[in-house]
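**Q** Got a structure for you, written out below as structure tokens; questions coming shortly.
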Amino acid sequence: MNMFYEAIGVLAGVLVMSASLPQLIQTLKTKNVEGLSFYTFFVWAMGALCWCVYGYYLQSYQMIIFNIISFLSSVMIMWLIKKHKK
């Protein structure tokens, strides 16, 4: 495969994977879940899980790894929402 497209794939994976990390870090620090939507992170997690399955089908390990991390961070945020919801 062309190295340019591989680099684009890695960049896309890093960007998507890191999208929820600032929210996770902020929520872990403050324990404030006000304004966070459980449903949004549920949909994000299900999408990441589907991408993992598709990555397995394509044998794209970078797609699998980045989306596993994205899935886990979304699940952690959902857990924090349930734990700290008033």
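The values are calculated or read from the model by the stated rules, or taken from the named source; none is laboratory data. Because the structure is a prediction, the values reported are computed rather than measured. Because the Cβ atoms are built from the backbone with ideal geometry, glycine has one as well, and the counts that use them run over all protein chains shown.
**Q** Residue pairs, Cβ under 9 Å, 6 or more apart or interchain, first in the stretch 11-27 and at pLDDT 90 or above, second not in a helix (DSSP H, G or I). List them.
**A** Here the result reads Gln23/Leu36; Gln26/Asn32; Thr27/Val33; Thr27/Leu36, each pair linking the stretch 11-27 to a residue that is not in a helix (DSSP H, G or I).
**Q** What are the residue pairs meeting all of these: first residue in the stretch 67-83, first residue more than 14 Å from Met46 (Cβ to Cβ) and modelled with pLDDT of 95 or more, second residue of a type in the set (Val, Ile, Thr) and part of a helix (DSSP H, G or I), Cβ atoms under 7 Å, and 6 or more apart or on different chains?
**A** As it stands, the answer is Leu80/Thr27, since those pairs meet every condition given.
**Q** Oh, and also: Just wondering, is there one or more residues in the stretch 55-68 that are exposed (fewer than 12 other Cβ atoms within 10 Å of the Cβ), of a type outside the set (Phe, Trp, Tyr) and out of contact with any Pro (no Cβ under 7 Å at 6 or more places or on another chain)?
**A** At the first step, the residues of the stretch 55-68 found to be exposed (fewer than 12 other Cβ atoms within 10 Å of the Cβ) are 57-59, 61.
Next cut, of a type outside the set (Phe, Trp, Tyr) only: 58-59.
In the following step, the residues that additionally are out of contact with any Pro (no Cβ under 7 Å at 6 or more places or on another chain) were identified as 58-59.
Among the residues of the stretch 55-68, at least one is exposed (fewer than 12 other Cβ atoms within 10 Å of the Cβ), of a type outside the set (Phe, Trp, Tyr) and out of contact with any Pro (no Cβ under 7 Å at 6 or more places or on another chain), which makes the answer yes.
**Q** In the stretch 35-66, how many are outside any loop (DSSP other than H, G, I, E, B), over 19 Å from Lys83 (Cα atoms) and touching a residue at least 40 places away in the same chain (Cβ under 8 Å)?
**A** Of the residues in the stretch 35-66, 4 are outside any loop (DSSP other than H, G, I, E, B), over 19 Å from Lys83 (Cα atoms) and touching a residue at least 40 places away in the same chain (Cβ under 8 Å).
**Q** What do you reckon, is Asn32 buried (at least 19 other Cβ atoms within 10 Å of the Cβ) and in contact (Cβ under 8 Å) with a residue 40 or more places away in the chain? Break it down stepwise before answering.
**A** Values: buried (at least 19 other Cβ atoms within 10 Å of the Cβ): no; in contact (Cβ under 8 Å) with a residue 40 or more places away in the chain: yes.
When the stated conditions are applied, Asn32 does not pass them.
**Q** Then there is this: Let me spell it out: the conditions are (1) within 17 Å of the chain's Cα centre (by Cα); (2) under 30 Å from Lys86 (Cβ atoms), and Gly13 meets all of them except one. Which number is the exception?
**A** Every listed condition holds for Gly13 apart from (2).
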